[in-house]
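Note sheet for the following structure.
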Amino acid sequence: RYRGITVGKVQSIELDAKDVRHILIRISVNEAVPVTRGTIAKIGFQGITGIAHILLEETGRDKTPLESDDGELPRIA
């Protein structure tokens, strides 16, 4: 979700092979959504049932579009 609107889907959830303390959640996001280096991700919960979703929030700190530096998929903190 971005500003309360559904903008994508969770593709997979796995442990980071480089650091198992981290969980990697691969998401697909509508290309019209402005994902930048200032975008952060949080886990949000909906309603009484507590259905989880990923919240993308823009901090405004860095408006540079998010791209990969090392040829891998880009990561949102």
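The values are calculated or read from the model by the stated rules, or taken from the named source; none is laboratory data. Keep in mind it's a predicted model, so treat the numbers as computed, not measured. Every residue, glycine as well, gets a Cβ built from its backbone with ideal geometry; the counts of neighbours run over all protein chains shown. In case anyone asks, the SASA skips ligands and DNA or RNA and just uses the protein heavy atoms, side chains included. Shrake-Rupley method; radii C 1.70, N 1.55, O 1.52, S 1.80 Å.
With respect to Val33, is the statement that it is open to solvent by 40 Å² or more (accessible area, probe 1.4 Å) and assigned to a loop (DSSP other than H, G, I, E, B) true?
Criteria not met by Val33.
In the stretch 36-46, which residues are open to solvent by less than 100 Å² (accessible area, probe 1.4 Å) and aliphatic (A, V, I, L, M)?
Across the stretch 36-46, the qualifying residues are Ile40, Ala41.
Assigned to a strand (DSSP E or B) and among the β-branched types (Val, Ile, Thr): which single residue out of Ile48, Ile76, Ile13 fits that description?
Working: Ile48 fails: assigned to a strand (DSSP E or B); Ile76 fails: assigned to a strand (DSSP E or B).
Of the residues listed, the single one that is assigned to a strand (DSSP E or B) and among the β-branched types (Val, Ile, Thr) is Ile13.
Please count how many residues of the stretch 1-19 are open to solvent by less than 80 Å² (accessible area, probe 1.4 Å) and without any contact (Cβ under 8 Å) to a residue 24 or more places away in the chain.
Looking only at that region, the number is 4.
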